[in-house]
4 protein chains.
Amino acid sequence: MVKQPNPTRRSERSRQAILTAARELISEVGYAKLTIEAIAARAGVGKQTIYRWWSSKGAVIFDAFLALSETGPELSTALPDTGDVETDLKAVMRATVAEFADPAFEGPIRALNTEIINDPALAAQYREKLADPLDEAKKTRLRSAQRAGQLAADADLDLALELLYAPLYQRWLLRSGPLTPQYADTLVDVFLKAMRPEGRRS
Amino acid sequence: MVKQPNPTRRSERSRQAILTAARELISEVGYAKLTIEAIAARAGVGKQTIYRWWSSKGAVIFDAFLALSETGPELSTALPDTGDVETDLKAVMRATVAEFADPAFEGPIRALNTEIINDPALAAQYREKLADPLDEAKKTRLRSAQRAGQLAADADLDLALELLYAPLYQRWLLRSGPLTPQYADTLVDVFLKAMRPEGRRS
Amino acid sequence: MVKQPNPTRRSERSRQAILTAARELISEVGYAKLTIEAIAARAGVGKQTIYRWWSSKGAVIFDAFLALSETGPELSTALPDTGDVETDLKAVMRATVAEFADPAFEGPIRALNTEIINDPALAAQYREKLADPLDEAKKTRLRSAQRAGQLAADADLDLALELLYAPLYQRWLLRSGPLTPQYADTLVDVFLKAMRPEGRRS
Amino acid sequence: MVKQPNPTRRSERSRQAILTAARELISEVGYAKLTIEAIAARAGVGKQTIYRWWSSKGAVIFDAFLALSETGPELSTALPDTGDVETDLKAVMRATVAEFADPAFEGPIRALNTEIINDPALAAQYREKLADPLDEAKKTRLRSAQRAGQLAADADLDLALELLYAPLYQRWLLRSGPLTPQYADTLVDVFLKAMRPEGRRS
DNA sequence: GGTTAACCGAGACGGTACGTCATGTCTTGCA
DNA sequence: TGCAAGACATGACGTACCGTCTCGGTTAACC
């Protein structure tokens, strides 16, 4: 039987120090050179404390990212709904473009993706804790658009989100093209053309 | 001045052995556990021979992948052109889905992506040597469709490819959903709806 | 500031295993082919554990030799004193000749000398920890002989020891001649002739 | 059958360059860090040219030292013979002390000794080519002293040389004491006392 | 005087060992 | 008992040299 640590004894101070140190180091030295030892040293923590509470480096990175998101407004806040889906989506997509350009985010997100690509378990956790809640907020806005007759009523919303976000995400991840506000707008235009109700013109 | 090895003296036998060993090991043990030492041992080669000709582990993986592609028919062969773009694209997308499901490809592609995400230089090389030629073949087929009036004449073909492939690629990379032939068909349907000429119905 | 390991945490088990392995390997493969890796492997120890506590291969060899001497009786035991310095010195010199002929000693002593020749710091340590205590024991016997009127009262005892031992040592080190009990006796004879009190005949 | 190189084709220019480079490098970086590659690079010579003509690093060092001695006057010149052996020996011993203090000699001699200690074959070659001729010259002077009645007629001259030189050599090799002209004189005094004819006083 | 075999500088090769770094486990002593 | 500290066995890193092996280019002896 594997010995499990007792979570009630867990030091919150150490936990925060570790996650903060992890974030800082990812930004400073990049994912490839990120080490458990450096995190422990920076956090003023014993290595064992990291190994006790996280199962892998990916898990630490994941939690570091999760903690970042929890403090932010994203997870809780719904998308804007002015009644015009085009306006709202363009605003959201432009915001996403801006976020990807933020150097403070770049390191951690790339690190997280690197881990997710090679770790199915982490990928599942990522979907459940991070991606799905965010996606649900977006789907809520799209359902509103469906009710308003701005989107096909029978549209597959998972596919819709992929259509909208995957090109943007891919450009950023593989650096295969520039991320500009215009590009965000164009994606929304194409998306709406693909998803508009039949018999309707933009 | 950095000393450069003389390429004319390079052992082709060693080069092939290294690339083959790299491919085999990625499939067998995965990217995370791939080591230069193991590649050298498997290839029956000194470590220095790897370090002499490749600047990083990513560069080896890239070349291993490149060599694989060069032997295959992909780079040289154009896409099918039956006259019906929908038929042709669905065939191509289904083939892509099948390729992603091939366990022999899975390891190397994930490894390559892992390196590319964190190495801009490698990403550029990847675009130039691998992605761009493949994209050009696809664009050729799309231009044919434009001439046939099946696609908007003013469509941005880079965007078109992203629209078509990015959702598929993202699902595979992040394991965010199942990759089925039906999904391939659906992507083509949505793509054609978004890209069809104005005033036209599918 | 250089980080210093904490000696109180040192594993005595590892220390002994390393020194023993070093001695064994010197005897088996000789000094020239002695490697840190082989010592670590033989001792069942990580290389870092060697590098943590010893600054050079020579330092390990020195300690291995020192540990050997500490367990033996040599350092603590005084020379025999029968009252006749000739008898006593011949016994000691013959014992030294026998010791040099012991194949178990040959390897380590040659290795130690090799390091000492090229490393002044090690040479100083050697004098302080090994040579000086042994020399002192010998000088004690010579002082006794001086009191007994068998040796010149004003003889330089450092020089005396050199006169007695250096020829023997040199023959062994450079293999410039045979080491026999007769040779030992002859050296004592010559030594006593050179060092006897003035006005006295042997 | 092992292929033997043809000595008539040997490049004298390369041979000299190698020996010179070896000497320089020993003085500059010391014996421990002396490498064949560095010698070849310094000499502007292919590594194979060294391996073709010398069987080991020790052999190169030996030849480098030998070449040095051949250019000097030592091997050919006999010792001075003023008729007074004490005067002559003190002059020779003082010269030896001075030589050992010459930094240009220090490196190569230590290197040579290091190799000789661990390589019996090289030791034999050293005796034959270098030590024996030098010793013979010294013995010639001692024989002259015997004829003059300044030394015991039945003295063992090999032992005599050891008595005279081994203490000096040992002090230098192991750095066990200072090498001064006074020390040289003292050694000669003691030597003469040990070796003088019976019934005689200095 | 043309041929040809050997040496030459150069340096790639398969290896071994280096000394360093990070891993994940374990132990010690403090709070 | 959780923790900071850090020693430990393990093993990969990237580098330095080893001694062997081609590769062209002289170079010198022999036809």
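Tabulated values for the structure
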{"item": "Residue in region D:1-12 that is part of a helix (DSSP H, G or I), open to solvent by 50 Å² or more (accessible area, probe 1.4 Å), within 14 Å of chain C (Cβ to nearest Cβ) and within 16 Å of DNA strand E (Cβ to nearest atom) present", "result": "no"}
{"item": "Candidates A:GLU86, A:GLU74, A:GLU70 - the one that is under 24 Å from the mean Cα position of the chain (by Cα), modelled with pLDDT of 95 or more and not aliphatic (A, V, I, L, M)", "result": "A:GLU86"}
{"item": "Qualifying positions in region D:188-197 - at the interface with chain C (Cβ under 8 Å from one of its Cβ atoms) and open to solvent by 30 Å² or more (accessible area, probe 1.4 Å)", "result": "D:LYS193"}
{"item": "Odd one out for B:ALA153 among (1) part of a loop (DSSP other than H, G, I, E, B); (2) under 24 Å from the mean Cα position of the chain (by Cα); (3) of a type in the set (Gly, Ala, Ser)", "result": "(2)"}
{"item": "Residue count for region D:170-187, restricted to those that are within 9 Å of chain C (Cβ to nearest Cβ), surrounded by fewer than 21 Cβ atoms within 10 Å (Cβ to Cβ) and of a type in the set (Ser, Thr, Tyr)", "result": "2"}
{"item": "Residue that is nearest to DNA strand E (Cβ to nearest atom), among those in region C:13-57 that are within 14 Å of another protein chain (Cβ to nearest Cβ), open to solvent by less than 50 Å² (accessible area, probe 1.4 Å) and among the hydrophobic types (A, V, I, L, M, F, W, C)", "result": "C:LEU34"}
{"item": "Contacts under 6 angstrom Cβ, first residue in region D:3-18 being more than 14 Å from D:ARG42 (Cβ to Cβ), partner within 8 Å of DNA strand E (Cβ to nearest atom) and of a type outside the set (S, T, N, Q), 6 or more apart", "result": "D:PRO5/D:ARG52"}
{"item": "Residue among B:GLU24, B:GLU70, B:GLU115 that is more than 22 Å from B:ARG127 (Cα to Cα) and in a helix (DSSP H, G or I)", "result": "B:GLU24"}
{"item": "Selection status of D:ARG127, within 14 Å of chain C (Cβ to nearest Cβ) and surrounded by fewer than 19 Cβ atoms within 10 Å (Cβ to Cβ)", "result": "yes"}
{"item": "Qualifying positions in region C:32-55 - among the aliphatic types (A, V, I, L, M) and either near DNA strand F (Cβ under 9 Å from one of its atoms) or not assigned by TED's automatic domain parsing to the domain that holds C:ARG15 (or both)", "result": "C:ALA40, C:ALA41, C:ALA43, C:VAL45, C:ILE50"}
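Listed here are the residues, each with its yes/no results for (1) within 18 Å of C:PRO80 (Cα to Cα); (2) open to solvent by less than 10 Å² (accessible area, probe 1.4 Å); (3) not β-branched (Val, Ile, Thr).
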{"site": "C:ALA95", "(1), (2), (3)": "yes, no, yes"}
{"site": "C:ASP102", "(1), (2), (3)": "no, no, yes"}
{"site": "C:PRO120", "(1), (2), (3)": "no, no, yes"}
{"site": "C:ALA145", "(1), (2), (3)": "yes, yes, yes"}
{"site": "C:ASP158", "(1), (2), (3)": "no, no, yes"}
{"site": "C:PRO167", "(1), (2), (3)": "no, yes, yes"}
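The values are calculated or read from the model by the stated rules, or taken from the named source; none is laboratory data. All values reported here derive from a predicted model rather than from experimental measurement. Because the Cβ atoms are built from the backbone with ideal geometry, glycine has one as well, and the counts that use them run over all protein chains shown. To get the accessible areas, we keep the full protein, side chains included, count just its heavy atoms, and leave off ligands, DNA and RNA. Shrake-Rupley method; radii C 1.70, N 1.55, O 1.52, S 1.80 Å.
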